[in-house]
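To keep things clear, I will list the structure first and then write my remarks on it.
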Amino acid sequence: MNLSVDFAGVKMKNPVTTCSGTFGSGMEFSEFADLNMLGAVTTKGVASVPWEGNPTPRVIETTGGMLNAIGLQNPGVDVFLERDMQFLKGFDTKVIVNVCGHSEDEYLDAVEKLNVEDAISLYEINISCPNVKSGGIAFGTDPKMVEKITGAIKKVSKKPVIMKLSPNVTDIKVMAQAAESGGADAISLINTLTGMKIDINRRSFALANKTGGLSGPAIKPVALRMVYEASHAVNIPVLGMGGIQTAEDALEFLMAGATMVAVGTANFNNPKATEEVVKGIEAYMERYSVDDINDLIKIL
């Protein structure tokens, strides 16, 4: 059987990776999951300088998932290159580096610094970050801004660029097309949905940030619908995510139009979730005599 896929010109041994922010940068999960089994490891968000993140509490369980308001805490690109990338080089897996920023300059600075590392296969650009120079509006909610930031990053990037789309928009197809117009090599979706939880006993917000990103099984039907819509609106590959826990979930996303899938929140309660998804896809292909995973991609 062939499980390999071509994603934005990069050959992956299988279509399974991790969602940024749910797997550390690989090192944290390496004791529990075999990184060599994955098509790629997608790292936690990396910024040009260290970010402290939001005050606590910043993670809370909710029905069918969780809310998080971590604030993209990270040690910055220099520590990432020296520590995390050196560790990841020891594994037979591709590396997708998630990049975040509060302004166009911050994104470009991070990408230019990361360009020196040959072992990085692709960049995933988190455009759900607030644009401090535009009043805190997230880059990913304005199609003109999506196209502009994509084009700027493509000019300096030495790797294929994946634009990670926010679901907190009216029409995901418009955002997907804006990323494609800006020159994106691929798109990934969905990022978390904005949500809230209130502690009625304390009569206060459960998260210090008041709102957080909802992830987990609760968002899967929304994510699946958006992946289907976006993948049929553009001619670039899609990395699908949002509530994937099992191989069945992953196969739904592949059939809907994703070329690759990412496992996220499931990692928190099952560190071997990514491995199980890969094995489950193999078992499905054996059961139905499917010789090539690409025969299942975008069949709907």
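Residue-by-condition table, conditions (1) charged (D, E, K, R); (2) buried (at least 18 other Cβ atoms within 10 Å of the Cβ); (3) more than 23 Å from THR150 (Cα to Cα):
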| site | (1), (2), (3) |
| --- | --- |
| LEU193 | no, yes, no |
| LEU214 | no, yes, yes |
| MET241 | no, yes, no |
| PRO271 | no, no, yes |
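Which residues, counting only those in the stretch 1-45, are in contact with a Leu (Cβ under 7 Å, 6 or more places away or on another chain), among the aliphatic types (A, V, I, L, M) and in a loop (DSSP other than H, G, I, E, B)?
Correct list: ALA8 only.
Hey, among ALA208, ALA258, which residue is within 17 Å of the chain's Cα centre (by Cα) and aliphatic (A, V, I, L, M)?
When all the criteria are applied, what remains is ALA258.
Against the definition (closer than 21 Å to VAL49 by Cα and either basic (Lys, Arg) or more than 20 Å from the chain's Cα centre (by Cα) (or both)), how does VAL95 come out, yes or no?
no
Can you tell me how many residues within the stretch 49-60 are modelled with pLDDT under 95 and farther than 30 Å from VAL111 by Cβ?
Of the residues in that region, 0 qualify.
Just to be sure I understand, how many residues within the stretch 129-168 are more than 17 Å from the chain's Cα centre (by Cα), closer than 20 Å to VAL116 by Cα and not in a helix (DSSP H, G or I)?
Number satisfying all stated conditions: 2.
Would you check if ASN191 is under 16 Å from the mean Cα position of the chain (by Cα) and touching a residue at least 24 places away in the same chain (Cβ under 8 Å)?
yes
List, please: which pairs have Cβ atoms under 8 Å, are six or more places apart or on different chains, and start with a residue in the stretch 255-268 that is without any contact (Cβ under 8 Å) to a residue 12 or more places away in the chain and end with one that is assigned to a helix (DSSP H, G or I) and surrounded by fewer than 24 Cβ atoms within 10 Å (Cβ to Cβ)?
Cβ pairs passing all conditions: none.
Results for (1) out of contact with any Asp or Glu (no Cβ under 8 Å at 6 or more places or on another chain); (2) buried (at least 16 other Cβ atoms within 10 Å of the Cβ); (3) more than 28 Å from THR150 (Cα to Cα), shown as yes or no for each residue.
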{"residue": "PRO221", "(1), (2), (3)": "yes, no, no"}
{"residue": "ILE236", "(1), (2), (3)": "no, yes, no"}
{"residue": "PHE253", "(1), (2), (3)": "yes, yes, no"}
{"residue": "ALA283", "(1), (2), (3)": "yes, no, yes"}
{"residue": "ARG287", "(1), (2), (3)": "yes, no, yes"}
{"residue": "ASP291", "(1), (2), (3)": "yes, no, yes"}
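If a residue has to be touching a residue at least 40 places away in the same chain (Cβ under 8 Å) and among the charged types (D, E, K, R) to count, how many in the stretch 211-229 make the cut?
Start the filter on the stretch 211-229 by keeping residues that are touching a residue at least 40 places away in the same chain (Cβ under 8 Å), which leaves 211-219, 222-223, 226, 228-229.
Next cut, among the charged types (D, E, K, R) only: 229.
Number satisfying all stated conditions: 1.
Could you identify the single residue in GLY64, GLY45 that is touching a residue at least 40 places away in the same chain (Cβ under 8 Å) and within 18 Å of the chain's Cα centre (by Cα)?
The conditions single out GLY45.
Going by the conditions given, is VAL41 buried (at least 20 other Cβ atoms within 10 Å of the Cβ), farther than 25 Å from THR246 by Cβ and touching a strand residue (DSSP E or B) at 6+ places or on another chain (Cβ under 9 Å)?
No.
Among what's in the stretch 48-58 and is in contact (Cβ under 8 Å) with a residue 60 or more places away in the chain and surrounded by 14 or more Cβ atoms within 10 Å (Cβ to Cβ), pick the residue that is nearest to GLY242 (Cα to Cα).
ARG58
On the given criteria, is LYS13 more than 30 Å from ALA69 (Cα to Cα) and either out of contact with any helix residue (DSSP H, G or I) (no Cβ under 6 Å at 6 or more places or on another chain) or among the aromatic types (Phe, Trp, Tyr) (or both)?
Answer is yes for this residue.
The values are calculated or read from the model by the stated rules, or taken from the named source; none is laboratory data. In this text the structure is predicted, and so the values were computed from the model without any measurement. When we count neighbours, we look across all protein chains shown, and the Cβ atoms used for this are built from the backbone with ideal geometry, even at glycine.
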